[in-house]
Ligand code: MRU
């Protein structure tokens with residue numbers, strides 16, 4: 001099936017390449033406001049990434065590729081400098097590095113004058129591959145679900161986090177299209193509220209029955225609500241198949257195991273990092289505690305309070321039922337099977 005004819009569509013244009021600039025939807029304002037931020041330089045893309053204007057591992061990678069395309073107009077030295085700047089924007093999602101490396105590889109051996117079209121074409125290809133990969137994962141992931149599934153998902157692994165349909169949410173939406181999903185429960189995802197602001201919004205736009213839960217309600221729901229699967233995305237999968245994802249994912253995996261519920265991870269192979277041996281070596285982004293101490297600018301703790309803000313955690317591969325990639329399903333989720341499919 002061609003990518004255009006896929007029955008489930010990306011609900012919103014959130015990344016637009018216009019030849020001399022990249023327009024990105026400001027996800028910090030969703031779902032209340034639709035506003036685009038214009039990026040004309042690689043530094044603009046790096047800033048938008050760091051400040052969470054755009055987020056989600058695959059989207060960060062695609063945006064970085066276009067950032068490199070913008071830098072390539074100023075020559076090879078600028079391109080290499082842009083690669084270093086973009087890489088510093090966020091530390092955990094390895095898709096960022098893969099996006100940058102793919103552009104540097106496309107530039108290799110290309111005469112200086114031909115750099116801009118070479119890197120731009122490579123960025124467009126990287127973008128298209130993410131869209132196509134999302135669709136393949138949607139089909140593979142949906143085949144794992146039983147009929148009438150009730151699903152918990154965490155953070156936003158939807159269209160807004162990728163260039164296409166999304167990873168975990170792509171699976172959910174396609175499975176819903178096949179009549180296999182009866183209800184979805186996105187966790188709110190403190191402190192950025194990606195679950196309530198973004199995932200719930202995407203599910204509602206596509207008419208998938210969904211009910212929001214706060215992060216601390218998952219255990220109760222698994223015990224009483226008949227959850228059939230947990231499906232999440234990932235920011236980096238280590239060589240041994242340990243999975244790094246939004247903070248709170250590890251807790252969900254433990255709960256799922258305790259309640260005998262399958263725990264699926266959906267991620268493209270651009271999220272796999274064979275150079276990182278296991279999850280303990282994945283750099284976990286720590287953001288400012290101020291982001292935890294306030295909600296929409298309003299203080300929620302005593303003046304002078306301190307707060308941790310770990311943005312991600314690592315789920316040991318033993319707790320993962322299967323990893324769905326665009327190249328196939330890794331089951332059991334261990335280093336040997338991951339290497340066979342995504343190595
Ligand atoms: O901090 P964020 O919003 O960039 O974190 C995003 C996630 O943790 C997603 O689950 C992950 O990137 C997978 S998105 C397909």
On alpha carbon coordinates alone, what is the Rg over Rh value for the stretch 116-191, Rh being the Kirkwood radius?
1.10
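Once you order the gyration tensor axes a ≥ b ≥ c over the Cα atoms, which shape class does the stretch 159-223 get: rounded for a/c under 1.5, otherwise prolate or oblate by comparing a/b with b/c? Each step should come with its number before you reach the end.
Values: a/c = 2.08, a/b = 1.22, b/c = 1.70.
Oblate shape, in that a/c is at least 1.5 and b/c is the bigger or equal ratio.
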Longest principal axis of the chain (C-alpha) makes with the long axis of helix 57-72 (C-alpha) an angle, in degrees to the nearest 10, of 10
Computed lengthening from residue 32 to residue 305, 0.36 nm per intervening residue step minus Cα-Cα distance:
95.3 nm
For the stretch 156-196 versus the stretch 210-254, the gap between their alpha-carbon centres in whole angstrom
12
Output the Cα-based Rg and Dmax of the stretch 219-305 in Å, rounding Rg to one decimal and Dmax to a whole number.
16.5, 44
Relative to the chain, whose Cα atoms define the longest principal axis, helix 76-87 and its Cα axis are tilted in degrees, nearest 10, by 20
Looks like the stretch 44-135, by Cα gyration tensor root eigenvalues a ≥ b ≥ c and the a/c under 1.5 rounded cutoff (else prolate when a/b is bigger than b/c, oblate otherwise), is oblate
Percent relative contact order of the chain, based on C-alpha pairs within less than 8 angstrom and at least six residues apart?
15
By the mean-Cβ-within-10 Å protection proxy, highest first, 220-231, 116-127 rank as 116-127, 220-231
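Going by C-beta contacts inside 10 Å, put 310, 296, 6 in order with the fewest on the left. Walk me through the numbers before you get to the answer.
On the way: 310 12, 296 7, 6 21.
Arranged by neighbour count, lowest to highest, 310, 296, 6 become 296, 310, 6.
Between residue 101 and residue 3, what length comes free when the chain is fully extended (0.36 nm per residue of separation minus the Cα-Cα distance, one decimal in nm)? Present the calculation step by step, with values, prior to reporting the outcome.
Working: separation 98, 0.36 × 98 = 35.28 nm, distance 2.51 nm.
Gain on stretching residue 101 to residue 3: 32.8 nm.
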Sorted peptide list for 74-87, 242-255, 193-206, criterion being average Cβ within 10 angstrom, highest first:
242-255, 193-206, 74-87
Quick one: angle between helix 168-177 and the longest Cα principal axis of the chain, in degrees between 0 and 90, rounded to 10, please.
60
For the stretch 12-81 and the stretch 91-121, write down the distance between their C-alpha centroids in whole Å.
15
Using only Cα positions of the chain, each an equal point scatterer, no hydration layer, compute I(q)/I(0) via Debye at q = 0.07, 0.09, 0.14 Å⁻¹ and quote the log10 values to two decimals.
-0.27, -0.44, -1.10
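I need the shape label for the stretch 1-157. Rule: rounded when a/c is under 1.5, else prolate if a/b > b/c, else oblate, with a, b, c from the alpha carbon gyration tensor.
Working: a/c = 2.05, a/b = 1.59, b/c = 1.29.
Prolate, since a/c reaches 1.5 and a/b exceeds b/c.
Beta carbons within 10 angstrom, averaged per residue: use that to sort the peptides 90-100, 32-42, highest first. Each step should come with its number before you reach the end.
On the way: 90-100: 24.9, 32-42: 15.3.
The most tightly packed comes first, giving 90-100, 32-42.
Among 235, 20, 278, which comes first, then next, by fewest other beta-carbon atoms within 10 Å?
Numbers: 235 32, 20 9, 278 15.
In increasing order of surrounding Cβ atoms, one gets 20, 278, 235.
We did not get these values from a lab; they are worked out from the coordinates using the rules stated. Note that the coordinates shown come from a computational prediction; the quantities given were computed from them, not determined experimentally. Every residue, glycine among them, receives a Cβ derived from its backbone with ideal geometry; neighbour counts consider all protein chains shown.
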